[in-house]
Every structure is written in structure tokens, then in C-alpha cells.
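Written out below as C-alpha cells is the structure these notes cover.
Bear in mind that the values in this text are calculations on the coordinates, not laboratory data. Quantities reported herein were computed from a predicted structural model and do not represent experimental measurements. Here the Cβ positions follow ideal geometry from the backbone for every residue, glycine too, while neighbour counts run over all protein chains shown.
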Amino acid sequence: MARNFLKVKCGECGNEQKMFSHPSNDVTCLVCSEVIAHSTGGKADLHGSIVEELEVE
Ligand SMILES: [Zn+2]
């Protein structure tokens with residue numbers, strides 16, 4: 001099963017970072033610490049914008 005990663009742009013500072021599409025914990029921006037994705041137990045509830053979807057085997 002492929003694991004999906006997203007490149008997400010922070011809505012606060014514009015930083016772009018990669019994250020797992022189904023994170024087990026909330027994902028925070030590495031620059032400004034804003035939460036960019038909430039963990040839901042499934043696909044993340046994104047608060048930033050998706051720049052790119054990456055699929056990794
Ligand atoms: Zn940020």
C-alpha cells in the first residue's frame with residue numbers, strides 16, 4: 001500500500017513542508033508553529049493549502 005505525503009503551505013507564514021497525509025498527531029509549521037493539519041484518525045484536516053501531493057512506495 002502506497003503511503004501518501006503532501007507538501008503543504010502554511011497559511012500564516014507561507015512555509016512549505018512535507019507531511020504524511022494521515023498523521024497520527026497534529027502537524028505544526030516548523031517556522032511559526034501554527035497548526036497546519038489536525039489529526040483526525042484518518043486523512044488530515046488541513047489548515048494550510050496543498051502545494052503538491054507525493055506518493056511514496
Ligand atoms: Zn508557518
* Structure fact -> Reported set for segment 14-30 where residues are within 14 Å of VAL51 (Cα to Cα) and either more than 12 Å from the ligand (Cβ to nearest atom) or part of a loop (DSSP other than H, G, I, E, B) (or both) is GLY14, ASN15, LYS18, MET19, PHE20, SER21
* Structure fact -> Those residues of segment 4-13 which are out of contact with any Leu (no Cβ under 8 Å at 6 or more places or on another chain) and in a strand (DSSP E or B) amount to LYS9
* **Residues located in segment 41-57, provided they are among the small types (Gly, Ala, Ser) and surrounded by 11 or more Cβ atoms within 10 Å (Cβ to Cβ)** => ALA44, GLY48, SER49
* Spot the failing condition for ILE36; the list is (1) touching a Pro at 6+ places or on another chain (Cβ under 6 Å); (2) within 8 Å of the ligand (Cβ to nearest atom); (3) not acidic (Asp, Glu), and only one is missed. => (1)
